[in-house]
Amino acid sequence: MKIVVAIKQVPARDSQLRIAGTGKWIEEADLAYEVNEPDAYALEAALQLKEKHGGEVVALSAGPARVAQTIREALAKGADRAIHIEDDTGLLDPLAAARLLAAAVKSEAPDLVLTGLQSDDLGYGQTGVILAELLGLPHATIVMQVEKLDASIRVKREMEDGWYQHVEMPLPALLTIQSGISKLRYATLMGIKKAKTKEVKRLTAADLGVTAEGSHVVVDRVYAPERSKRTQLFTGTPREAAAQLVEKLRFEARVL
């Protein structure tokens with residue numbers, strides 16, 4: 001069973017964010033980077049399937065040279081090899097990113113493609129499903145569990161209000177994995193050593209026959225939310241004041 005896992009490198013959660021001089025993005029020189037957390041769970045799901053059923057796990061990532069760090073981490077955890085689409089065009093919208101990934105996936109002809117549900121930096125939650133459409137694959141989102149059957153898979157999807165949906169799907173297929181579905185493994189010392197000898201294929205958009213269009217989404221301005229304090233006094237009897245407070249909490253603060 002060949003599984004391709006799309007992983008993205010994102011700014012570390014504890015990074016200090018500072019608006020760039022252009023005002024259109026954050027200052028990237030100040031950032032540390034890490035693997036996108038939902039993608040880490042997708043990788044873990046792939047490795048568990050490989051341990052149960054055999055096969056191969058291929059890590060796939062697009063981005064500048066620094067993405068090599070994230071790829072090495074995936075290899076150290078157990079991925080067999082990796083594909084790095086070298087791209088320096090900057091921010092990619094979901095369609096542009098999916099086009100690059102799809103071109104690389106097609107040549108692999110995998111049985112299963114896994115992505116995280118969304119990215120921690122931009123949070124579009126669209127790249128996986130667009131990738132499925134470009135590849136012509138059946139897909140399921142918000143997947144909590146994957147079970148391999150004879151010639152298909154059975155997945156458990158998270159729904160609203162604590163409900164779940166169980167769906168049987170043909171292969172090949174694409175799944176977007178929900179965070180927290182299992183315990184993430186750490187890279188062992190042996191795994192780190194082995195990662196140095198594993199294959200990393202480096203490709204460009206030109207190699208894949210894809211026009212490097214960049215993002216169609218234009219960021220006009222990035223700014224920190226304004227902080228403001230306001231005091232409001234409620235008049236009337238205690239019952240009337242309580243009713244006014246509940247109304248504010250329900251319809252303005254939206255916490256009830």
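The values are calculated or read from the model by the stated rules, or taken from the named source; none is laboratory data. What you see is a predicted model, and the numbers here were worked out from it, not measured in a lab. Neighbour counts are summed over all protein chains in view; Cβ atoms, including those assigned to glycine, are modelled from backbone coordinates with ideal geometry.
Would you mind stating whether P172 is of a type outside the set (D, E) and within 20 Å of G128 (Cβ to Cβ)?
Considered against the rule, which asks whether it is of a type outside the set (D, E) and within 20 Å of G128 (Cβ to Cβ), P172 comes out as yes.
Looking only at the stretch 98-115, count how many residues are in contact with a Ser or Thr (Cβ under 7 Å, 6 or more places away or on another chain), touching a residue at least 60 places away in the same chain (Cβ under 8 Å) and not hydroxyl-bearing (S, T, Y).
Looking only at that region, the number is 0.
Yes/no per residue for (1) within 22 Å of K183 (Cα to Cα); (2) in contact with a strand residue (DSSP E or B) (Cβ under 8 Å, 6 or more places away or on another chain):
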| residue | (1), (2) |
| --- | --- |
| G90 | no, no |
| L114 | yes, yes |
| L117 | yes, yes |
| L122 | no, no |
| T127 | no, yes |
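Return yes or no: is D161 among the charged types (D, E, K, R), within 17 Å of the chain's Cα centre (by Cα) and at pLDDT below 95?
So D161 fails the test.
Test of understanding: among T188, T115, T89, which residue is hydroxyl-bearing (S, T, Y) and buried (at least 18 other Cβ atoms within 10 Å of the Cβ)?
It is T115.
Please enumerate the residues belonging to the stretch 1-19 that are assigned to a strand (DSSP E or B) and among the basic types (K, R).
K2
Yes/no matrix, rows are residues, columns are (1) more than 15 Å from L60 (Cβ to Cβ); (2) among the polar types (S, T, N, Q); (3) touching a helix residue (DSSP H, G or I) at 6+ places or on another chain (Cβ under 7 Å):
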| residue | (1), (2), (3) |
| --- | --- |
| L91 | yes, no, no |
| L112 | no, no, no |
| L131 | no, no, yes |
| Q145 | yes, yes, no |
| E168 | yes, no, no |
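Regarding the stretch 185-195, can at least one residue be identified that is modelled with pLDDT of 85 or more and either in contact with a strand residue (DSSP E or B) (Cβ under 7 Å, 6 or more places away or on another chain) or among the polar types (S, T, N, Q) (or both)?
yes
Pick from the stretch 20-37 the residues that are surrounded by 15 or more Cβ atoms within 10 Å (Cβ to Cβ) and either part of a loop (DSSP other than H, G, I, E, B) or at pLDDT 85 or above (or both): which of them is farthest from the chain's Cα centre (by Cα)?
Step by step, filter the stretch 20-37, then rank; the result is L31.
Go through the stretch 1-19 and give me each residue that's surrounded by fewer than 15 Cβ atoms within 10 Å (Cβ to Cβ) and without any contact (Cβ under 8 Å) to a residue 40 or more places away in the chain.
Answer for the stretch 1-19, where residues must be surrounded by fewer than 15 Cβ atoms within 10 Å (Cβ to Cβ) and without any contact (Cβ under 8 Å) to a residue 40 or more places away in the chain: A12, D14, Q16, L17, R18.
With (1) more than 26 Å from G125 (Cβ to Cβ); (2) among the acidic types (D, E); (3) crowded, with 23+ Cβ neighbours inside 10 Å as the list, and E56 as the residue in question, which single condition is left unmet?
(3)
Can you pull out every residue in the stretch 53-71 that is in contact with a Lys or Arg (Cβ under 7 Å, 6 or more places away or on another chain) and on the phi < 0 side of the Ramachandran plot?
Within the stretch 53-71, H53, E56, V57, V58, S61 qualify.
Please enumerate the residues belonging to the stretch 198-256 that are surrounded by 10 or more Cβ atoms within 10 Å (Cβ to Cβ), more than 30 Å from V4 (Cβ to Cβ) and under 24 Å from the mean Cα position of the chain (by Cα).
The one that is surrounded by 10 or more Cβ atoms within 10 Å (Cβ to Cβ), more than 30 Å from V4 (Cβ to Cβ) and under 24 Å from the mean Cα position of the chain (by Cα): V222.
Check whether at least one residue in the stretch 161-168 is part of a helix (DSSP H, G or I), surrounded by fewer than 14 Cβ atoms within 10 Å (Cβ to Cβ) and among the aromatic types (F, W, Y), and report yes or no.
No, that holds for no residue.
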